[in-house]
Every structure is written in structure tokens, then in C-alpha cells.
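Peer 1: Provided herewith is a single structure, encoded as C-alpha cells, for subsequent inquiry.
The values are calculated or read from the model by the stated rules, or taken from the named source; none is laboratory data. Everything numeric here is computed off the predicted structure, so don't read it as measured data. FYI the Cβ positions are ideal-geometry reconstructions off the backbone, even for glycines, and counts take in every protein chain you see.
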Amino acid sequence: MTSKDGHGHGGNGTAAEPRRLLRLLAPFAAAILVLAPSALQAEEEEDFDPARISEVDAIECRLDVPTYTGFAMSLSEEDSPADARGWKKVASKSPAILLYELPAPITVAGRYDTRRIAFSSSGIFALLDLPDPAPLAKEQQIENAMDTNALIDALAASGKVTRAEAEKEIKFRKFLGEKLIREDTEPAKDKDGYGLNTKVTRTISTSVPYAGKTFYGCTYRMEVLDGDGNPL
């Protein structure tokens, strides 16, 4: 099954978009200000260039957190890689999402095609024209943490409504599942210092504003730790 989503109805965005992206990435920026010298030093040593980062690699969880963070934050800069790649901003149905249309389709998860990608505060996703994410989730060995069937079963078991009535009432079937791909912890060097925990997680989800679509991608989370290893 191949899913395509390539309908364009957006311009190049406005000057407010970089500020909006920075707000979405605020958690990353805060962590970097507190701790990231080591991560930034690693990027400098490798001559980090966001233009060389593949959006498919980011979606497929092939990056580490510092590399993804550098790539995502570069999109808010004046010389954004998005412009060089011919990405076009598309009107988003959710304030928590920045949506782009690509000049050509990309393929993710081996066989799903799309021209739409989305950025949230912690990750990047391919927006697939896939009403039911269950087959994709099964391929990725990801379970739904918000299975609506359990709620329907409970309502039917209560005797207050029939199963058919419950299914009719609950029209939207929410899917939200994830699988940890990589986790790294850099402990503080002393009690007065700071450490860092990073997680790279495969994520599949649906949302009401984008009913009939599936978000497939990766979240890159960064958490600052105190000298005892506890989250701040």
C-alpha cells in the first residue's frame, strides 16, 4: 500500500514563522543554554552543516538528538535549509504543528510516499494519507497507548449503551504509540554540575484536526539532569 499526500495550498509563509518555530523548539533551546557545550563542540568538530541533513533520516530516527536539534533550529534562521530545498509552508490546522510541502515525494517506512512533513516541539513527521495507522504500527511493532476499543468495551459492559451505540458516539479513533530507539545519558561531572538525558523515539499518531491522516516520524527529546541524575 502506498499513500500519497501532495496537494498544495500554501505560500512561502510569513516573517512570523521563524519565531513560531523557535517557540516550538524552546525546550531544546533551554537545554542547550544550560548544558549543551559538549554537544555543540561535537557538532563543530564534525563541521556540522544542516544542509547535509536528510529529512528522511530525521523522520526515520537515524539522527542523534544534538544533530536533530541543530537541524531543526537552523530552519528558523534567515538562511534556512528549507528555502534551499524548495519547501513551501502550508497552513496548519494545529498551532502545535508547522507543516511543509516538499517539491517531490519522499518514501518513509519502506513504502509510504508523501510530500508533506510536519514539525512539532520535539520531532519531525511524515504526514501520510493513511486513515488507519494499525497496519503501519504493526510493521513497526508499536502498540496504541490510547486504544478506543477498550473504552467502547467498557461502555458496552456497563449496560448503559450498546456496543453499536458506543461505536457510533465515538467517531474518532485516536492512535498514539511510540517505541524507544535510542537513549543516552551523560551524567554531571560533579554535584554542582549538570547532566543530560536524550531519547530518540519512533512515533505514530493521529489527531482530530488531521482526521484521515497518520503522523509517522520521530521525536528527539532532551532533558537536563542535576548533579544527582534527577530531571530538573
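Peer 1: Sort out which residues of the range 166-180 are farther than 20 Å from Leu128 by Cβ and modelled with pLDDT of 80 or more, and write them in order of number. Step through it out loud before you land on a result.
Peer 2: Here is the first cut: in the range 166-180, the ones farther than 20 Å from Leu128 by Cβ are 166-171, 180.
Residue satisfying the conditions is Leu180 alone.
Peer 1: Another question about this same structure. Quick check on this structure: which one of Thr148, Thr203, Thr185 is of a type outside the set (D, E, K, R), closer than 27 Å to Met222 by Cα and surrounded by 13 or more Cβ atoms within 10 Å (Cβ to Cβ)? First the steps, then the outcome.
Peer 2: Numbers: Thr148 fails: closer than 27 Å to Met222 by Cα; Thr185 fails: surrounded by 13 or more Cβ atoms within 10 Å (Cβ to Cβ).
Among Thr148, Thr203, Thr185, only Thr203 is of a type outside the set (D, E, K, R), closer than 27 Å to Met222 by Cα and surrounded by 13 or more Cβ atoms within 10 Å (Cβ to Cβ).
Peer 1: For the range 141-149, state whether one or more residues are in a loop (DSSP other than H, G, I, E, B) and in contact (Cβ under 8 Å) with a residue 60 or more places away in the chain.
Peer 2: Of the range 141-149, the ones in a loop (DSSP other than H, G, I, E, B) are 141-147.
From what is left, the residues that are in contact (Cβ under 8 Å) with a residue 60 or more places away in the chain are 142.
The answer is yes; a qualifying residue exists.
Peer 1: Further question: Taking the range 100-118 as the region of interest, how many residues are surrounded by 13 or more Cβ atoms within 10 Å (Cβ to Cβ) and either modelled with pLDDT under 95 or assigned to a loop (DSSP other than H, G, I, E, B) (or both)? Give the steps one after another, and end with the answer.
Peer 2: Going through the range 100-118, the residues surrounded by 13 or more Cβ atoms within 10 Å (Cβ to Cβ) turn out to be 100-102, 105-106, 108-109, 112-118.
From what's left, either modelled with pLDDT under 95 or assigned to a loop (DSSP other than H, G, I, E, B) (or both): 109.
Looking only at that region, the number is 1.
Peer 1: Can you tell me which residue among Ala166, Ala154 is assigned to a helix (DSSP H, G or I), of a type in the set (A, V, I, L, M), more than 30 Å from Lys199 (Cβ to Cβ) and out of contact with any helix residue (DSSP H, G or I) (no Cβ under 7 Å at 6 or more places or on another chain)? Working first, answer last.
Peer 2: On the way: Ala166 fails: out of contact with any helix residue (DSSP H, G or I) (no Cβ under 7 Å at 6 or more places or on another chain).
Every option except Ala154 fails the conditions.
Peer 1: Asp129 versus (1) touching a residue at least 12 places away in the same chain (Cβ under 8 Å); (2) under 30 Å from Asp228 (Cβ atoms): which is the lone unmet condition?
Peer 2: (2) is the only condition that Asp129 fails.
Peer 1: With respect to Ile204, determine if the residue is part of a strand (DSSP E or B) and under 13 Å from Asp132 (Cα atoms). Give the steps one after another, and end with the answer.
Peer 2: Working: part of a strand (DSSP E or B): yes; under 13 Å from Asp132 (Cα atoms): yes.
It is true that Ile204 is part of a strand (DSSP E or B) and under 13 Å from Asp132 (Cα atoms).
Peer 1: Failed condition for Gly70, given (1) in a loop (DSSP other than H, G, I, E, B); (2) at pLDDT 85 or above, with all others met?
Peer 2: Unmet for Gly70, out of (1) in a loop (DSSP other than H, G, I, E, B); (2) at pLDDT 85 or above: (1).
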